[in-house]
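Asks: To start, I am sharing the structure in question, which I have written as structure tokens.
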Amino acid sequence: MNPSLSALLQAHPVFMALSAPEQARWADAAIARRYQADEIVSLAGDCWPYLLLVASGRIAAAKESAEGRAFVVAEIGEGEIFWGVAFFQEGAANPVTLQCRSALLLYLWRREEVQDTLLANGRLAWELARLMVSRMLHASTVIESLAFQPVAGRLARLLLEQVPPDRQSARRALTLDEMAARLGTTREVVCRTLYRFADEKLIDVTRTEFILTDRAGLARLVTEA
């Protein structure tokens, strides 16, 4: 059994529901896959019947419009799990594209190899259902933000999320295109809004950092309808 995978299974709330022998069987059934930054794990429309666990790196789950504009619905990071819709509903197509944000190591499980454990282990199914509910609540927040919150409020929220509360600045980890994909807008709108925030003394922007000069002011933008 892979020691690093064993540690990940033991630490995750869903897999903690498995007994030690069951965890060992899951570890033996896992398929390890490595990807480079920007590689596609699964395209929207694919029938992809896998459950995945991120060992290292990050994945973006994104939807793309007919015009080619992407919107990042969620990001899945180290120690987190995700699944193709076909893992639960045979033949169903993925609604999102899974793309690597960085070099990535994944462990994958085919539905048919672990379905018996899922059906037999009530606690495992319960913990997975709890995780699904938390993802649904997050999706609801994202949809509500897109429907009712101006771009300025969405961008203010993103900046506050990027800079921890105990710090004033953070490295610019996202490009303008990546920020636009998270906010459901264009890079031009993001750029104009960042300049507006700078003019209003809410932030300073350098080539490498975002500096929050007025965190309270950004927080007020988040709460404005």
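The values are calculated or read from the model by the stated rules, or taken from the named source; none is laboratory data. For clarity, every value in this text was computed on a predicted model and none was experimentally measured. Here the Cβ is made from the backbone with ideal geometry for all residues, glycine too, and neighbour counts use every protein chain on show.
Asks: (1) of a type in the set (S, T, Y); (2) exposed (fewer than 15 other Cβ atoms within 10 Å of the Cβ); (3) closer than 24 Å to H12 by Cβ; (4) touching a residue at least 12 places away in the same chain (Cβ under 8 Å): which one isn't true of S140, the others all being true?
Replies: Every listed condition holds for S140 apart from (4).
Asks: Right, here's the next one. Please state which one of P13, P21, P95 is in the same structural domain as A129 (by TED's automatic domain parsing), farther than 27 Å from S140 by Cβ and outside any strand (DSSP E or B). Show your work before the answer.
Replies: Values: P13 fails: farther than 27 Å from S140 by Cβ; P95 fails: farther than 27 Å from S140 by Cβ.
Of P13, P21, P95, the one residue that is in the same structural domain as A129 (by TED's automatic domain parsing), farther than 27 Å from S140 by Cβ and outside any strand (DSSP E or B) is P21.
Asks: Do we have E22 as over 21 Å from W126 (Cβ atoms) and among the charged types (D, E, K, R) here?
Replies: On the way: over 21 Å from W126 (Cβ atoms): no; among the charged types (D, E, K, R): yes.
So E22 fails the test.
Asks: Select from the range 143-189 the residues that are within 30 Å of V14 (Cβ to Cβ) and among the polar types (S, T, N, Q) and write down the one among them that is farthest from the chain's Cα centre (by Cα).
Replies: Within the range 143-189, the match that is farthest from the chain's Cα centre (by Cα) is S145.
Asks: Tell me which residues, restricted to the range 112-129, are charged (D, E, K, R), surrounded by 12 or more Cβ atoms within 10 Å (Cβ to Cβ) and closer than 19 Å to H12 by Cα.
Replies: Quick first cut of the range 112-129, residues charged (D, E, K, R) only: 112-113, 116, 123, 127.
Imposing the further condition that a residue be surrounded by 12 or more Cβ atoms within 10 Å (Cβ to Cβ) reduces the set to 113, 127.
Passing the criteria: only E127.
Asks: Tell me yes or no: at least one residue of the range 26-34 is within 21 Å of L124 (Cβ to Cβ), β-branched (V, I, T) and surrounded by 16 or more Cβ atoms within 10 Å (Cβ to Cβ). Break it down into steps so the answer makes sense when it comes.
Replies: Pass one, the range 26-34, residues within 21 Å of L124 (Cβ to Cβ): 26-31.
Of the ones still in play, those that are also β-branched (V, I, T) are 31.
Now narrow it down to the ones that are surrounded by 16 or more Cβ atoms within 10 Å (Cβ to Cβ): none.
Within the range 26-34, none of the residues are within 21 Å of L124 (Cβ to Cβ), β-branched (V, I, T) and surrounded by 16 or more Cβ atoms within 10 Å (Cβ to Cβ).
Asks: Mind counting the residues in the range 173-204 that are over 23 Å from I143 (Cα atoms) and modelled with pLDDT under 90?
Replies: Number satisfying all stated conditions: 1.
Asks: Looking at the range 118-126, is at least one residue in contact (Cβ under 8 Å) with a residue 12 or more places away in the chain and aliphatic (A, V, I, L, M)?
Replies: Yes, because at least one residue in the range 118-126 is in contact (Cβ under 8 Å) with a residue 12 or more places away in the chain and aliphatic (A, V, I, L, M).
Asks: Of all residues in the range 45-67, how many are within 11 Å of L105 (Cβ to Cβ), outside any strand (DSSP E or B) and touching a helix residue (DSSP H, G or I) at 6+ places or on another chain (Cβ under 7 Å)?
Replies: The number of residues fulfilling the criteria is 0.
Asks: Can you report the number of residues in the range 39-73 which are among the small types (G, A, S) and surrounded by 18 or more Cβ atoms within 10 Å (Cβ to Cβ)? Please lay out each step first, then the result.
Replies: Of all residues in the range 39-73, those among the small types (G, A, S) come to 42, 44-45, 55-57, 60-62, 65-66, 68, 70.
Imposing the further condition that a residue be surrounded by 18 or more Cβ atoms within 10 Å (Cβ to Cβ) reduces the set to 42, 55, 57, 60-62, 70.
Adding up the residues that qualify gives 7.
Asks: Scan the range 150-163 and tell me whether some residue there is without any contact (Cβ under 8 Å) to a residue 12 or more places away in the chain and small (G, A, S).
Replies: Taking the range 150-163 first, the residues without any contact (Cβ under 8 Å) to a residue 12 or more places away in the chain are 161.
With small (G, A, S) added as a condition, the list becomes none.
Looking for residues that are without any contact (Cβ under 8 Å) to a residue 12 or more places away in the chain and small (G, A, S), one finds none in the range 150-163, hence no.
Let's see how each residue does on (1) within 21 Å of Q115 (Cα to Cα); (2) modelled with pLDDT under 95; (3) in contact with a Ser or Thr (Cβ under 9 Å, 6 or more places away or on another chain):
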position	(1), (2), (3)
L8	yes, yes, no
V14	yes, yes, no
E22	yes, yes, yes
W26	yes, yes, yes
R34	no, no, no
A44	no, yes, yes
S65	no, yes, no
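Asks: Right, here's the next one. Looking only at residues that are free of Cβ contacts under 8 Å to residues at least 60 places away in the same chain and within 28 Å of A24 (Cβ to Cβ) in the range 86-109, which one is farthest from the chain's Cα centre (by Cα)?
Replies: Step one: of the range 86-109, the residues free of Cβ contacts under 8 Å to residues at least 60 places away in the same chain are 86-98.
Still in the running and within 28 Å of A24 (Cβ to Cβ): 86-88, 90, 98.
Values: A86: 19, F87: 18, F88: 20, E90: 24, L98: 10 Å.
So the residue we want is E90.
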